[in-house]
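Working notes for the structure below.
No lab work stands behind these numbers, since they all come straight from the coordinates. Here the structure is a predicted model, which is why all the values come from computation and not from measurement. Glycine gets a Cβ as well: all are built from the backbone with ideal geometry, and neighbour counts include every protein chain shown.
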There are 2 protein chains.
Amino acid sequence: MGIVVQKYGGSSVADAQSIKRVAQRIVAARKAGNDVVVIVSAMGDTTDELLDLAHQVSPLPTGRELDMLLTAGERISMALLAMAIGNLGQEARSFTGSQAGVITDSTHGKAKIIDVTPGRIEHALEEGAIAIVAGFQGVSQTSKDITTLGRGGSDTTAVALAAALEADVCEIYTDVDGIFTADPRIVPTARRIPELSYEETLEMAAAGAKILHLRCVEYARRHSMPIHVRSSFSTKSGTWVVEAPEEKPMEQAIISGVAHDRSEAKITVVGVPDKVGEAAAIFEVLADSQINIDMIVQNVSAAATALTDISFTLPLADGQTAMTALARLKDQVGYDQLLYDDGVGKVSLIGAGMRSHPGITARFFKSIADAGVNIEMISTSEIRISVVVNEDQIDDAVAAAHAAFDLDSDEVEAVVYGGTGR
Amino acid sequence: MGIVVQKYGGSSVADAQSIKRVAQRIVAARKAGNDVVVIVSAMGDTTDELLDLAHQVSPLPTGRELDMLLTAGERISMALLAMAIGNLGQEARSFTGSQAGVITDSTHGKAKIIDVTPGRIEHALEEGAIAIVAGFQGVSQTSKDITTLGRGGSDTTAVALAAALEADVCEIYTDVDGIFTADPRIVPTARRIPELSYEETLEMAAAGAKILHLRCVEYARRHSMPIHVRSSFSTKSGTWVVEAPEEKPMEQAIISGVAHDRSEAKITVVGVPDKVGEAAAIFEVLADSQINIDMIVQNVSAAATALTDISFTLPLADGQTAMTALARLKDQVGYDQLLYDDGVGKVSLIGAGMRSHPGITARFFKSIADAGVNIEMISTSEIRISVVVNEDQIDDAVAAAHAAFDLDSDEVEAVVYGGTGR
């Protein structure tokens, strides 16, 4: 009988009714003979409501106080969940991130986990209790202040605790039955992927698939912790994210799936003098502004002009900051103009099998062209091909690629249980 | 340059606007050159809303989880208050009860403070920051679990921290200008009392005056910590609660004020055999049910019957429990019947001066009789006389006694600023 770590997101504990339903599920796992540790997010919209309150009292609250405020959210959901479990006759004890031993650095709002010392969790398990742990939060090693882990924080808490407790599995509960070959809202015939390697899952997360965050998958890979992504509304097996040792390859399709991302914008710096250091200057100023660049394309310059165009994509939210930073650089770099396009999106094909199968790229591009979609930018990794297309054509491109690689199922497999989507 | 501890209740921080107003007040105290420590309660109705959620998931939540849940309330208000202060250009840091070093026993829901180790608060003050501390909460010395202090808990936190920090004063902010000679809603001409001894304040709290809780005054008396009760809506001086050493008596009226209490019920056990041990049996069963008895009256028995009646008052909320417990005792004690009356109230006259002034009791009774009010029970201490009267006649009795002891002011002094009353 091993340790099972389960993580439930905000939509799974949005109200008293949902909390009671999740409690039953947890008790069932305990009664099956497992030691159970549950990581829980704040209820539904709690975090947004708290943020709203914060901005009513201060336009620019400090990270320390914002973290203190937001961590109240999980405190509420975890205590309620423990009560609901207690009401079903099982003992449950809730623990804050600090009590659970989630030690972080001091970067408020996006702290990194530097150690996990789950002594109190182990003690609770030894005494037969179910441990409920607040996701998304920790305590700074140096200042002893409360920190939050930032986006995907609860998933990361779950994997980190699972690794520290040497759990058998880290179950991430969501409102769909796992990871699908494409977003079922766009491709109704998308198939559930039974098994994915960490590598493929990382590429899918980076390509915009919303189920798992990059960071949590990276943590799981580093500690070889199996993740089981599944629905909190059904008992079906979901998607297992596991290691795929080369000597024992998983039975898998050449292509795992098609992901898309609507959250990017494209900036083009037109007429950059084609000489050493110009591109470096541009990306240095963006890095100084803490902006993560995704894809970069530089055209070969026309010899006559010795000018080139540099295009790159970045998170929509950083668009204004980037444009302002680049505008300040105009005299130094001497470019002609800046173009900003927030009407773009990214479509990616992911599959570990493409390593050993030539012709994948050509088939991907042809399927998109046949759907009448123009490709604006291209970027590739060993197991992924991404293209930037017009935002309005994302759905067409996803559907076309999904069909071209025979990913369509004969029946509709995906059921989106919750109302909120992810 | 000393340390000032300020405590703001839930109605003072009910919304973003109130929090910003309180923040200004705190910053003013800091700018006047004080080190400032602020104790804050949960915003407005937060605690009730959380309790409601708890009862939706479990009819009988454990104390541990209830405390975990409720302490989220102060976490929210203290972080918001720290942000609002930051927005005014002063650094403020919020601390949970645990972080502030409020060490308690393990009695969830009504934990007792057993030690205060405010190292982090002192450190924050040394660095020039304002410290915001969650009221009402602490951490268990043995289990390290989060505890709450129960009713009046935030006031007690404030006094306990003030004592541990050797503060100059503990300011308790409320929505009236201090403690009055009577409830201004009943007696519009009630006067603000500039100074009260701990002893008198304790008697007033026990007699139903709602401004300060018994427990916090007891703590202050034990540590000789001056309390200044004042309004968060004005800058007027309020009521100082201080020691009154006998060699240096305070300038004070014979009578401090008239208090009343509508939260009591009266039970009469009729026809109790007048022999040793019968009364003990009755009050033992009540004590076993955790019921606090207030006043007790036993009539002299008629020699012919050797039967007596025992009446006592108790909190209204415990009425049903007490009646059930006593009913089970009928055969053992052999009484005739139980009478229950929830239509009663208590009116009390308090004043350290009555020790040395005979005739006070007579004048008090006469004023009540002249107002046409019947006295049902009487109880006295060295500095207090209390009577139980019909609930509908409380206001008349209070007004009559207030006038009889020349407590009326020439003008209306009391302004109730908030909407909620206390």
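List of remarks:
- Dipole magnitude of the stretch B:3-174 about its Cα centre (Cβ charges: Lys, Arg +1; Asp, Glu -1), debye to nearest 20: 200
- Positive dipole terminus of the stretch A:108-186, leading residue within A:Gly153, A:Ala182, A:Leu125 (C-beta point charges): A:Gly153
- Between B:Ala259, B:Ala281, B:Ala401, the Gaussian network model of chain B with springs among Cα atoms under 10 angstrom shows the greatest mean-square fluctuation at B:Ala281.
- Positive-end extreme of charge dipole, the stretch B:291-420 - chosen from B:Gly343, B:Gly319, B:Gln298 (charges on Cβ): B:Gln298
- Shape box of the protein assembly as shown [Cα atoms, principal axes, largest first, Å]: 118, 66, 40
- Equivalent ellipsoid semi-axes - Cα gyration tensor, the stretch A:1-104, angstrom: 29, 15, 10
- Where the Cα pairs of the stretch B:288-354 fall when distances are cut into 10 Å bins, in %: 15, 43, 29, 12, 2
- Shielding by partners, peptide A:138-148 (average Cβ within 10 angstrom, other chains): 1
- Within chain B, helix-based [θ] at 222 nm, where runs of 4 or more DSSP H residues each add -39,500 (n - 2.57), nearest 500: -10000 deg cm²/dmol
- HN-Hα J in Hz across the stretch B:130-143 - Karplus 6.51, -1.76, 1.60, θ = phi - 60°, x for Gly and Pro: 8, 9, 10, 10, 5, x, 6, 10, x, 10, 5, 5, 8, 8
- Neighbour net charge for A:Ile3 - beta-carbon separation under 10 angstrom, K R +1, D E -1: -4
- Comparing A:Ser256, B:Ala164, A:Met78 along the charge dipole axis of the protein assembly as shown, the residue lying farthest to the positive side is B:Ala164, per the Cβ-charge model.
- Computed extension length for B:Glu127-B:Leu339: 70.1 nm, one decimal, from 0.36 nm per residue of separation with the Cα-Cα distance subtracted.
- The Stokes-Einstein estimate for the stretch A:138-234, based on a Kirkwood radius over Cα pairs and taken at 25 °C with 0.890 mPa s viscosity, is a diffusion coefficient of 170 µm²/s.
- Among the listed pairs A:Lys20/A:Lys112; A:Lys110/A:Lys210; B:Lys112/B:Lys236; A:Lys266/B:Lys20; A:Lys110/A:Lys330; B:Lys330/B:Lys366, those whose Cα-Cα separation exceeds 30 Å are A:Lys20/A:Lys112; B:Lys112/B:Lys236; A:Lys266/B:Lys20; A:Lys110/A:Lys330; B:Lys330/B:Lys366.
- Placing +1 on the Cβ of every Lys and Arg and -1 on the Cβ of every Asp and Glu, with no other charges, gives the stretch A:300-387 a dipole of roughly 380 debye about its Cα centre.
- Principal axis dimensions, largest first and in whole angstrom, of chain B by Cα: 79, 54, 40
- Charging the Cβ of each Asp and Glu at -1 and of each Lys and Arg at +1, and nothing else, the dipole of chain B about its Cα centre rounds to 860 debye.
- Peptides A:330-342, B:383-395, A:202-214 ranked from most to least packed by the mean count of surrounding Cβ atoms within 10 Å: A:202-214, B:383-395, A:330-342.
- Note that the stretch B:248-422 shows a convex hull volume over its alpha carbon atoms of 177 Å³ per residue.
- When the Gaussian network model of chain A links Cα atoms closer than 10 Å, the mean-square fluctuations of A:Asp105, A:Asp177, A:Asp318 top out at A:Asp318.
- Other protein chain Cβ atoms within 10 Å, averaged over every residue that makes up A:45-58: 4
- Other copies of B:Ser106: label-to-label distances in nm, shortest first, labels 7 Å along the beta-carbon direction: 3.5
- Chain A, relative contact order in percent, only Cα pairs under 8 angstrom and at least six apart counted: 15
- Cα-based shape type of the stretch A:3-247, given that a ≥ b ≥ c are square roots of the gyration tensor eigenvalues and the cut on a/c is 1.5: rounded
- Nm distances between copies for B:Asp392, ranked from closest, using label points 7 Å along Cα→Cβ: 7.8
- Spatial separation of Cα centroids for the stretch A:147-219 and the stretch A:295-363, in angstrom: 28
- For the peptide B:80-92, the mean number of other protein chain Cβ atoms found within 10 angstrom of a residue's Cβ is 5.
- Ranked from shortest, the separations from the 7 Å Cα-to-Cβ label point of A:Gln56 to its equivalents in the other copies are 1.9 nm.
- The GNM of chain A, with springs linking C-alpha atoms under 10 angstrom apart, assigns the highest mean-square fluctuation among A:Asp52, A:Asp183, A:Asp408 to A:Asp52.
- Think of the axis that spins chain A onto B; the A residue whose C-beta lies nearest it, and the distance in whole Å, is A:Ala72, 2.
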